[in-house]
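Structure first, commentary second.
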Amino acid sequence: MYSTLPEWLQHLESLHPKAIQLGLDRVLSVRQALGVVQKVPVFVVGGTNGKGSTCAMLERILRCAGYRVGTYTSPHLLAYNERVRINGEPASDEALCQGFAEVERARGDTALTYFEFGTLGAWQVFEHAALDVIVMEVGLGGRLDAVNAFDADCAIVTSVDLDHMEYLGDTRELIGREKAGIFRAGRPAIVGDPMPPQSVIDYAESIGAVLKISGRDFGFGGDRQQWGYWRREPDRLVKRGGLGYPALRGANQLLNASSVITALDAMSDRVPVSVGDIRLGLATVELPGRFQVMAGRPSVIFDVAHNPHAASVLNENLSNMGFYPETWAVMGMLRDKDIGGVLERLKGRVDHWMLCDLGGPRGTPASDIAAIIAERGIPGSVHTHASPVEAWRATRERVGGDDRIVVFGSFLTVAEVMRDYMQSPRPPVAGPATPPPAEG
């Protein structure tokens with residue numbers, strides 16, 4: 001057995017020849033060997049975008065209500081421990097190592113993928129943490145994702161859009177069926193997408209899930225100061241007014257927040273929460289890397305937007321920030337993403353593209369992104385760099401104090417820049433921007 005978390009993580013990476021191998025057989029067999037019994041309510045959150053925000057809101061509200069909460073999300077930004085939280089705090093190296101050791105003993109010769117092993121290990125950490133409720137985020141899809149080896153007492157599908165098409169299908173209908181696989185018969189199935197694919201509705205109805213759809217069964221409205229929530233019941237209309245906006249910034253957060261309230265109401269017999277808990281939870285929720293606006297000048301925004309739908313939301317959020325002389329984008333992406341679609345959604349929003357290489361077999365060279373910008377006539381100066389940190393530092397040298405920098409395109413890009421941002425002194429920047437030198 002291994003004694004440190006880095007050793008375990010290296011072991012996880014070496015077990016299976018493929019980084020992603022969808023299917024539940026391996027996880028279910030090891031789950032059975034572990035003797036897993038679900039003793040507390042489990043919320044499972046799937047969807048294309050908004051999963052992390054939804055999990056964070058659920059976790060925070062439940063904690064405000066006094067529950068001891070275990071939360072499993074992915075990927076992480078700065079440390080693997082972020083994926084497994086106990087009452088909002090990352091799990092310790094010791095707890096993770098113990099969980100991994102238990103999975104290793106139970107798996108026999110079953111070759112688990114990195115994510116499968118990590119999911120089972122997270123559950124073992126939860127087993128020893130005396131929890132009241134568990135929140136789990138789907139990694140990819142839903143139906144065949146390792147998280148779906150656990151039965152959702154309440155499932156939420158936040159949105160359905162085109163992403164991971166090589167695994168999930170190339171239409172919203174096909175992808176929607178995969179996302180809906182986390183629903184369970186007779187249990188709440190909350191859909192935050194106001195225009196869900198028919199496949200989501202059909203599957204929920206075919207298994208007898210208790211389906212609630214945004215805009216049909218619940219929703220929201222409001223003004224610049226506050227918002228209100230509503231939900232239809234067979235005999236009445238439930239309303240909650242005067243709610244403060246979530247601490248998480250962004251145009252889609254009320255969609256996520258209303259889904260969370262609907263899910264909590266559906267589970268009120270097992271994990272009751274008060275309106276006060278909801279207010280406090282939404283007001284104090286935090287989630288790094290999701291339209292995270294840092295204090296100081298120039299304005300710096302971290303956002304892990306990496307598909308066209310998320311890029312559209314990022315564009316809307318940027319447009320709502322007010323006037324900035326120039327916007328600088330530090331961007332790096334993986335080659336299996338719809339890079340052209342992301343760029344199109346931000347067309348005209350960026351003045352300077354500071355592109356960066358991402359290493360590894362999935363990384364896209366900055367020059368390839370530059371070529372797509374040229375082919376599609378995306379406006380803005382274009383400059384390529386060997387790494388996210390190099391692109392970030394080049395931007396910092398030239399940006400004006402009243403400008404803004406948005407770092408996006410991949411968790412890897414955001415993580416590398418965020419680490420450098422947190423570790424480096426940030427002297428005040430003033431005056432006009434200095435245009436980057438023309439590339440040869």
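The values are calculated or read from the model by the stated rules, or taken from the named source; none is laboratory data. Everything quoted here is computed from the prediction, not taken from an experiment. All Cβ positions, even for glycine, are placed from backbone atoms using ideal geometry, and neighbour counts span all protein chains on display. The area values use the complete protein model at the heavy-atom level, side chains included, leaving out ligands, DNA and RNA. Shrake-Rupley method; radii C 1.70, N 1.55, O 1.52, S 1.80 Å.
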*Specify the inter-centroid distance of segment 2-40 and segment 257-276, based on alpha-carbon positions, in whole Å.*
31 Å
_Residues residue 166 and residue 98, FRET efficiency given R0 of 41 Å [Cβ-Cβ distance, rounded to 0.05]_ = 0.70
*Counting alpha carbon pairs within less than 8 Å and at least 6 residues apart, what relative contact order, in whole percent, applies to segment 46-99?*
25 percent
*the chain: angle of helix 366-376 to the longest principal axis, Cα-based, in degrees nearest 10*: 80 degrees
*Quote the FRET efficiency, to the nearest 0.05, computed for residue 274 versus residue 109 with a Förster distance R0 of 45 Å and r equal to the Cβ-Cβ distance.*
0.35
*R0 = 60 Å: FRET efficiency of residue 335 with residue 235, Cβ-based, nearest 0.05?*
0.65
*Once you charge only the Cβ atoms, +1 for Lys and Arg and -1 for Asp and Glu, what is the size of the charge dipole of the chain about its Cα centre, to the nearest 20 debye?*
1020 debye
*Please give the contour-minus-distance gain from residue 128 to residue 206: 0.36 nm per residue of separation, less the Cα-Cα distance, rounded to one decimal in nm.*
24.4 nm
_Which order do the peptides 396-409, 193-206 come out in when sorted by mean C-beta neighbours inside 10 angstrom, highest first?_
396-409, 193-206
*In nm, what is the difference between 0.36 nm times the number of residues separating residue 224 and residue 316 and their Cα-Cα distance?*
31.5 nm
*asked:* For residue 179, give me every one of the lysines with a C-alpha distance below 19 angstrom, ignoring sequence neighbours fewer than eight places off in its own chain.
replied: 51, 212, 337
*Can you tell which of 57, 6, 292 lies farthest toward the positive end of the dipole of the chain, using +1 and -1 charges on the Cβ of basic and acidic side chains (Lys, Arg; Asp, Glu)?*
57
_Helix-only [θ]222 nm of the chain, DSSP H runs n ≥ 4, -39500 (n - 2.57) each, per residue, nearest 500_ = -11500 deg cm²/dmol
*Point-charge dipole on Cβ atoms (K/R +1, D/E -1) for segment 187-272, about Cα centre, debye to 20*: 300 debye
*asked:* Just to be sure I understand the model, the point goes 7 Å from the Cα along the line to the Cβ. What's the resulting residue 245 to residue 21 distance in nm?
replied: 4.7 nm
*Pull up the DSSP beta bridges for the chain and report the antiparallel fraction as a percent, rounded to 5.*
35 percent
*Cα centroid distance between segment 193-254 and segment 374-390, in Å?*
39 Å
*Expressed as a whole percentage, what fraction of the accessible surface of the chain belongs to carbon and sulfur atoms when a 1.4 Å probe is rolled over the protein heavy atoms?*
50 percent
*Which of the listed residues, 28, 169, 317, is farthest toward the dipole's positive end in the chain, when Lys, Arg count +1 and Asp, Glu count -1 at the beta-carbon?*
317
_Quick check on packing: order 360-371, 222-233 by the mean number of other C-beta atoms within 10 Å, highest mean leading._
360-371, 222-233
_the chain - percent relative contact order, Cα under 8 Å, separation 6 or more_ = 14 percent
*Which of 250, 268, 238 sits closest to the plus end of the dipole of segment 232-272, meaning its Cα is farthest towards the positive end, when Lys and Arg get +1 and Asp and Glu get -1 on the C-beta?*
250
